[in-house]
1. Once label points are set 7 Å from the Cα along Cα→Cβ at both Ala97 and Val120, what is their separation, rounded to one decimal in nm?
2. Identify all aspartates and glutamates with a Cα-Cα distance to Lys81 below 14 Å; exclude those on the same chain that are fewer than 8 residues away in sequence.
3. Kindly provide the Kirkwood hydrodynamic radius of the stretch 48-140 in Å, to one decimal, from all pairs of distinct alpha carbon atoms.
4. Modelled label-to-label distance, Ile57 and Val104, 7 Å Cα→beta-carbon offset: nm?
Amino acid sequence: MKKSSKFAPEVRERAVSMVRISSIHRYQSRRRQLLVGLAGVAVSVPNWCSASHFSVIDMVALSAKLTGKSPEQFLEATAQKLLDAYAQRGLVDRLKALLVNPAVDPELGREIVATWYSGVMMTRHGPEVMTYDKALLWDVATFLHPLGNCGGPINYWSLPPTS
């Protein structure tokens with residue numbers, strides 16, 4: 001026959017309560033570990049995620065400043081593609097400095113100008129077509145037009161140039 005103690009129910013309740021408390025601490029510990037881990041990830045995110053500090057409007061302004069063209073000539077969607085490519089390459093801080101003073105990074109300035117004129121941008125994976133028919137090349141060489149786009153009315157090429 002089993003002996004029964006008068007403290008047995010109290011001891012059992014206390015033991016159950018201790019198990020509940022330890023499981024709460026375990027969940028809090030897991031939560032704390034998760035938060036610490038997420039904080040570590042947030043700190044170590046690459047620099048290209050900070051492109052929000054250099055907006056597409058800034059990219060258009062920089063492009064206009066470097067090329068001497070009006071900002072209206074640059075499509076925001078195309079400028080966003082270019083900004084994303086530079087952000088992925090980790091060049092946002094250099095773009096910010098270039099906007100303030102174009103003489104600070106002439107190599108990057110020449111690359112931006114060449115990109116807008118050619119329509120080909122450099123990405124992490126190599127060159128990529130950013131735009132074709134909106135490249136500035138077509139504005140400079142007025143006698144040329146993008147393939148697939150009509151250059152004028154029918155037989156426009158048969159007449160001598162007016163100027």
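Every number in this text was worked out from the coordinates using simple rules, so none of it is lab data. Just so it is clear, the model here is predicted, and its values are computed rather than measured. No Cβ is skipped: glycine too gets one built from the backbone with ideal geometry, and neighbour counts run over all protein chains shown.
1. Roughly 2.8 nm, to one decimal.
2. Asp58, Glu128
3. On the way: mean 1/r = 0.0772 Å⁻¹.
In the stretch 48-140 this quantity evaluates to 13.0 Å.
4. Going from the Ile57 label point to the Val104 one covers 2.0 nm.
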